[in-house]
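The values are calculated or read from the model by the stated rules, or taken from the named source; none is laboratory data. Computed from a prediction, not measured in an experiment: that's the story for all the values here. All Cβ positions, glycine included, derive from the backbone under ideal geometry; neighbour counts span all protein chains shown. Surface accessibility is based on the protein's heavy atoms, side chains included, excluding ligands, DNA and RNA. Shrake-Rupley method; radii C 1.70, N 1.55, O 1.52, S 1.80 Å.
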Amino acid sequence: MIETDSLILDKAKFSDWKAMYDNVWSQPTCAKYMNWKITTSEEDAKIRMEKTIEFQKNHDTYVVYEKASGKAIGFAGVEEAAPYIYQEMGICLGVNYMGKGLGKEIVQGLILYCKKEFCAREFIYFTREENEASNKLAKSLGFTMIGSEPKIDSRDGHAYQLLKYRLKLDLFDR
């Protein structure tokens, strides 16, 4: 479990399927910069939650809960990219929770978790070039862009640039 001022990142529970469906999985805005398709039915959301729970058994991925309400409002995760280097595995918040500083809390929480649990020295953050909010977030936390790679969105064939940012964690003590 990872805790920030306003959020708790924890393993999914099946009972979260409805909140994830309503807040995230059924929302085109949430999927816009991600590599997944929206979920279009409650039955599919239940199946997706079962797959999420199974995936989380072997991965450092979490559902994001709003502390005040306990409601599932997003997801986030990390993985080891190389010894002492960790990278985010996707960060997503429900539409009603965007633009409130919660993305920054998630990234900060993931960074501190990687430092504490794995003695991480570096954190990698990816975002699409056109995702202005995500790029602004990376820069606000002191990340440096270290590369970009042309990609094709498998959902619609849209070409985009995937930007790669790095943060040396000896500089991150917030």
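Odds and ends about this structure:
- Per-residue ³J(HN,Hα) for the range 29-40, Karplus 6.51 cos²θ - 1.76 cosθ + 1.60, θ = phi - 60°, Hz, x for Gly and Pro: 4, 5, 7, 3, 9, 9, 10, 9, 9, 5, 8, 10
- Ligands, DNA and RNA left out, the accessible area of the range 106-174 computed with a 1.4 Å probe is 50% carbon and sulfur.
- With 25 Å as the limit, the listed pairs Lys100/Lys151; Lys116/Lys139; Lys46/Lys116 have Lys100/Lys151; Lys46/Lys116 beyond it between alpha carbons.
- Inter-probe distance in nm under a simple model that places probes 7 Å from Cα toward Cβ, at Ala68 and Ser6: 0.8 nm
- Accessible solvent surface per residue of the chain, calculated while the other protein chains remain in place, 1.4 angstrom probe, Å²: 54 Å²
- Accessible surface of the range 1-69, 1.4 Å probe: 50 percent of it comes from carbon and sulfur atoms.
- Subtracting the Cα-Cα distance of Lys168 and Glu42 from their residue separation scaled by 0.36 nm leaves 41.2 nm.
- Accessible surface for Met1 stands near 130 Å², nearest 10, in the context of the full protein assembly shown (1.4 Å probe).
- DSSP bridge analysis restricted to the range 61-140 gives an antiparallel fraction near 80%, rounded to the nearest 5.
- Potential extension, Ala133-Cys119 segment - 0.36 nm per residue separation minus Cα distance: 2.2 nm
- Over the chain, dividing the summed -39,500 (n - 2.57) contributions of all DSSP H runs of at least 4 residues by the number of residues returns a 222 nm mean residue ellipticity of -8000 deg cm²/dmol.
- Within the range 66-98: backbone nitrogen closer than 11 Å to the Ser148 label point (7 Å, Cα to C-beta): none
- Multiplying the residue separation of Lys32 and Met89 by 0.36 nm and subtracting their alpha-carbon distance yields 18.9 nm.
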